[in-house]
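Just below is one structure, and these are the notes that go with it.
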Amino acid sequence: MPLDTQQLVQDMLGAAKLHLGKFWKQAKPFAENETLNMANKLLMIEQLKLEGKITKEEALLHIDIQKSAFCTVLLSIKGLGLIAVEGTINAALGSIAKVVNKALGWGLL
């Protein structure tokens, strides 16, 4: 079953909101943008895999780059530290891992 961008974003945002707690109001616009970027990256990986144009290792590299961008953006929010940011990203990705890994046939998340 193909990945659904809106559902991926909704699930990641729900997990991020729970994890960020009092910082959610400040982080929301950033989290919305970065979860959309991550969902779009995952859809690109899905398409490239279907076309036989990407390996698992290349896909993991794309995900790592996107995770780093997500981390950098959230670290720009005053009061958020690295542990909180990494926890938020892990929660967001954890919320979609089963669906994404099943759709891609690879354990990427």
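Values quoted throughout were computed directly from the atomic coordinates according to the rules given, and no laboratory measurement underlies them. Keep in mind the model is a prediction, meaning the values are calculated, not measured. Methodologically, a virtual Cβ is constructed for each residue, glycine included, from the backbone with ideal geometry; neighbour enumeration extends over all protein chains shown.
Things to note:
- Rounded to the nearest 0.05, the FRET efficiency derived from the C-beta distance between ALA69 and LYS102 at R0 = 35 Å is 0.90.
- Mean Cβ count within 10 Å, highest first, over the residues of peptides 101-108, 12-19: 12-19, 101-108
- Residues of type aspartates and glutamates that LYS78 reaches as a straight line, Cα spacing below 20 Å, ignoring anything fewer than 8 places off in the same chain: GLU32, GLU34, GLU86
- Dipole of the stretch 5-104 computed with +1 at Lys/Arg Cβ and -1 at Asp/Glu Cβ about the Cα centre; of VAL73, LEU61, ALA27, farthest Cα towards the positive end is ALA27.
- A viscosity of 1.002 mPa s and a temperature of 20 °C, combined with the Kirkwood radius over Cα pairs in Stokes-Einstein, give a translational diffusion coefficient for the chain of 154 µm²/s.
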